[in-house]
Amino acid sequence: MKFVEKVFLFLKVEVAVHLSRIGLRFMLAAFMGPANYGIFVLLKLIPDYSEKLGRLAVDDAAIYLAGKKEYPVKEVAFTLFFLILLMSLLFVIILLWQSEQIGQWIFKDLTIDKLLLWIIIISIPPIFLIRSMLKLFLFHDSLLIYNCLAFLPSLLGLLIGSIAFIVFDAGIIGLFICFGVIYFIALLIGMFFYLKNFGVTPVFKPVLVARLFGYGGRLYLATLANFIKNRVDILIVAYFLTSKEVGYYALALLVITSFSRIPAVASMLIYPLLTKRKHGEAVKMTVKACRHVFFIGLIFCVPIFFVVKILVASFMPKDYSLVPGIVLLALPGVIFTGIIPLLQSHFFGTGRPSIITKAVLYSGIVSLAGNFLLIPKIGLLGAPVSFSISSIFMTVLILVRFLQVEGVKLKEIFAFKKDDLSLYLKLFKLQK
């Protein structure tokens, strides 16, 4: 199966799952109200931040080493699972120890049930292991199992949790219990299929561990900085404003992230391929993927925005009327950063992560400065404005380095070709 066809196949699943997730989140937000929905979103940040902080990018390093055939895949997989489990348990201990301080720091004057924080923290190890296992399934080109494990747990957790919250009045604790149980079951199923189909070699090599942490460390800073850059704005909103504004912005972010699904899918699929290709082939693949992703994203962004505007106006309480405006202000940043995940995968897969690290750090500084300057002055709308400015800045930095290092011309990425449209139409017909 060709790379572009794989992207469309994944997008078919992604669109269905993401639209379902958006529908459930909008419904949950309507029942919760902006303030309670904002608290829910802030609580969800705990496992999200933990996963990015605690995995140390050893899973990406594992794919790189396996792709370059430095070590047998079965040895890499066993070592990866062992390290991820160890790091997740260590992170759980630290978070449980500091749970009260975390609650006070994130939620300020709000009182959060300690049991709720403990339930969320205990669900972290399955999330760590599932995210790492997904990369290995992609490496083995096991797309069906990947799709099931990547999309079903979060969707089922949200669906069952929403039913528990709305129908059975289980509260936010019941919602997060559902998430935790579903992720634990998904981990058992995923591990069963991986061991059955691919297996592991239970051997512990200190040299392999050193290589995983060594190359993972080079990737970690860029990955973490990019994650924080894209998520820190919601924490700054929570710091300067209220949980109600967090609810507005979180719902807008849900829509904004839907625009990033095309580059995210392409990036996820291209990374294992780049680790196996010669350098010249990797450059050509990246350039072609960037061109396709940019124009497909451009085509879809306007219709999605108007669908959201109609959805909010027709079905949501008037409290959420700010959401379309937030999305509109963030659109320039979303459109121009579409190629970033692909360029990141290119530099990661060809052994040059430092280029991404520097660009993300510089744009992160711009993002922090913009949020701290704009949110106190113009309120909630300062967050999407800062997002767009910092995102475009990061795109320029990384794109210029890519053009310089690889000798690629700008028109090769942004010049639309007649054959591209016929390819898209053909692929849409094939995916029906």
> Among L134, L152, which comes first, second and so on when ranked by fewest other beta-carbon atoms within 10 Å?
Replying inline: L152, L134
> Once fully extended, how much extra length lies between T201 and Y362, figured as 0.36 nm per residue of separation less the alpha-carbon to alpha-carbon distance?
Replying inline: 53.8 nm
> Near Y71, within a Cβ-to-Cβ distance under 12 Å, what is the net charge of the other residues, with Lys and Arg +1 and Asp and Glu -1?
Replying inline: +3
> When the helices in the chain are scored as -39500 (n - 2.57) per DSSP H run of 4 or longer and the sum is shared across all residues, what 222 nm value do you end up with, to the nearest 500 deg cm²/dmol?
Replying inline: -29500 deg cm²/dmol
> Contour minus end-to-end for K377 and D319, with contour as 0.36 nm per residue of separation and end-to-end as the Cα-Cα distance?
Replying inline: 18.7 nm
> Taking the chain as a Gaussian network, where each spring joins two C-alpha atoms under 10 Å apart, which residue of K377, K52, K309 fluctuates the most?
Replying inline: K377
>> How charged is the neighbourhood of F179? Take every other residue with its Cβ under 15 Å from the Cβ of F179, and add Lys/Arg as +1 and Asp/Glu as -1.
In response: +2
>> Quick check: pseudo-label points 7 Å beyond the Cα along Cα→Cβ at I185 and K68, how many nm apart are they?
In response: 4.1 nm
> Is the shape of region 71-207 best called rounded, prolate or oblate, per the rule: a/c under 1.5 gives rounded, else a/b larger than b/c gives prolate, else oblate, with a ≥ b ≥ c the square roots of the Cα gyration tensor eigenvalues?
Replying inline: oblate
> Can you give the extra length, in nm with one decimal, that the chain gains between V400 and F168 once fully stretched, where that is 0.36 nm per residue apart less the Cα-Cα distance?
Replying inline: 78.1 nm
> Order of Y146, Y64 from fewest to most other C-beta atoms within 10 Å?
Replying inline: Y146, Y64
> Given the pairs K114/K377; K69/K196; K44/K69, which span a C-alpha to C-alpha distance of over 26 angstrom in this model?
Replying inline: K114/K377; K44/K69
> log10 I(q)/I(0), Debye, Cα-only the chain, no solvent, q = 0.10 Å⁻¹?
Replying inline: -0.71
> In which sequence would T257, T111, T79 go, from the one with the fewest C-beta neighbours within 10 Å to the one with the most?
Replying inline: T111, T257, T79
>> Over the chain, with a Gaussian network built from C-alpha contacts below 10 Å, which listed residue (G349, G216, G325) shows the highest mean-square fluctuation?
In response: G325
> Do you know the relative contact order of region 104-181, to the nearest whole percent, from alpha carbon pairs under 8 angstrom that are 6+ apart?
Replying inline: 32 percent
> Picking from F78, F168, F336, which is most flexible by a Gaussian network model of the chain using Cα springs under 10 Å?
Replying inline: F168
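Bear in mind that the values in this text are calculations on the coordinates, not laboratory data. These numbers come from a predicted model, not from an experiment. Every residue, glycine as well, gets a Cβ built from its backbone with ideal geometry; the counts of neighbours run over all protein chains shown.
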